[in-house]
Amino acid sequence: MVKARKYVVKKYFEGVPKRSDYEIVEYELPPLKVGEVLVKTEWVSVDPYLRIYHKVHQLPYDQFSNQVGIVEQSKDPNYPVGTRIVSHKGWCDYAVINTAKVEPEDYLDVKYKLPDLKGMSPSIGLGTAGMPGVSAYFAFLELCQPKAGETVVVTGAAGAVGSIVGQIAKIKGCNVIGFAGSDDKVKWLEKELGFDKAFNYKTTDIQKALKAAAPNGVDCFFDNVGGEMCSIIVGQMNRKGRVAVCGYVGSYNEELTEQPKATILHPSIVLNELRIEGFVARSWLDRWPEAIEQLITWIKNGQLKPTEHVTVGFDKIFDAFVGMLAGENAGKAVVKV
Ligand SMILES: NC(=O)c1ccc[n+]([C@@H]2O[C@H](COP(=O)([O-])OP(=O)(O)OC[C@H]3O[C@@H](n4cnc5c(N)ncnc54)[C@H](OP(=O)(O)O)[C@@H]3O)[C@@H](O)[C@H]2O)c1
């Protein structure tokens, strides 16, 4: 018998999630059946969507999230001991995984062998070569359809997705402007990641700063944040501009009825014939391998930096989660279990 620990959500979040909304439960895993493997969790991902998807589930529920585990016992010859698996088993130290294939719609049951990361840490499979990387890749390239020389704006620019979008935009020859939540992040985006210009949205007049940085207007806008910042940026877009709406993390701690209103969108959308499209990563599951392969190639070529914000310890997963929501991370927030 293997003893395991997991985080269970026992109370729906109100505002910022609290430690008391969770309980760490110890339990014994059942013996493996044919077609199952036992994985020991190595890395856990903490992501903004864990905050907004909480009411999708009946209480109490196990805290789901992507994670990388290594097979310690196997009753599936296709997954021998030592294989690493990306799954959605979440915040636990051990898990039993049924390796049978699932339908893409069943996002809670996503699992695949960790791709060959060519010597990089397995945690990269949760970030630049995982769901955030894939989101940046498809939402930017397919929804925004960027062309060399165009001006791209990214919000949440120093986060897991945003930092990759900005770097892909540079690879594609675009002029890239990012908005992030601290002066250190701004410096990092400009000096380390090659953004042409970055601003601290907390201390900057966004309207004026963007006018100055993009005097000829914005062609592509990758929105991770929503709210008033989104309205201001949409208001400075060029004719036939494209907006990829990937998230609205600026209001994930707000109740739906208290979400900020977006003002003055319609004149820009209509008169500039904008295309605004929402994105959901799991709808692209069948094409994830193609994105992951390209992202790994760019990393290996030195064109893409896979930055991470690492927290250590199973007991620290909750802190890493609320820390990420508060903006403590630059790059992908992950926990080494
Ligand atoms: N649609 C999809 O399939 C999909 C997939 C992946 C991610 N997403 C979305 O993409 C966005 C980024 O996700 P991520 O995983 O890359 O997270 P992340 O950006 O690495 O982390 C969240 C960041 O949100 C920023 N933030 C928090 N409160 C904010 C506020 N009030 N206003 C502006 N920024 C705020 C913080 O950075 P600052 O210091 O800059 O404030 C924080 O670092 C989220 O909206 C997420 O839901 C969507």
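Read the figures in this text as sums done on the coordinates, not as results from a lab. The structure displayed is predicted, hence computed values, not measured ones. Heads up, the Cβs are rebuilt from the backbone with ideal geometry, glycines too, and the neighbour counts pull from every protein chain shown.
A Förster radius of 35 Å, combined with the Cβ-Cβ distance separating V270 from K18, puts the computed FRET efficiency at roughly 0.20. The peptide list 12-25, 277-290, put in order of mean Cβ contacts within 10 Å with the highest first, becomes 277-290, 12-25.
Under 5 Å between amide hydrogens, built in the peptide plane, is the criterion, and for M237 it picks out V218 among residues at least 5 positions away or on other chains.
Value of Rg to Rh for region 197-337, rounded to two decimals, is 1.00; Kirkwood radius and Rg both from alpha-carbon coordinates. In straight-distance terms, cross-link reach from K202 covers every one of the aspartates and glutamates whose alpha-carbon lies under 12 Å from its own, apart from those fewer than eight places away in the same chain; here that gives D183. In this label model, A326 and V312 are separated by 2.1 nm, measuring between points 7 Å along each Cα→Cβ vector. Kirkwood-type hydrodynamic radius, the chain: 20.7 Å, calculated from all non-identical alpha-carbon pairs.
For the chain, the cysteines with no partner cysteine C-beta closer than 4.7 Å are C92, C174, C230, C246.
Roughly what angle does helix 288-300 make with the longest principal axis of the chain, taking Cα atoms, 0 to 90 degrees, to the nearest 10? Taking Cα atoms only, the helix is inclined about 70 degrees.
When each of M131, M324, M229 is scored by the number of other beta-carbon atoms lying within 10 Å, the sequence from fewest to most is M229, M324, M131.
DSSP finds beta bridges in the chain, and of those with both partners inside it, around 55 percent are antiparallel.
For K211 and S182, the FRET efficiency from 1/(1 + (r/R0)^6), where r spans their Cβ atoms and R0 equals 25 Å, is about 0.65. The length gained by stretching the chain between Y112 and T203 to full extension, at 0.36 nm per residue less their Cα-Cα distance, is 28.5 nm. Working note: Karplus 6.51/-1.76/1.60 with θ = phi - 60° gives region 5-22 the couplings 10, 8, 8, 10, 7, 10, 9, 5, 6, 10, x, 5, x, 10, 4, 6, 6, 10 Hz, where Gly and Pro are set to x. Extension gain for M120-V280 works out to 54.9 nm (0.36 nm per residue, less the C-alpha to C-alpha distance).
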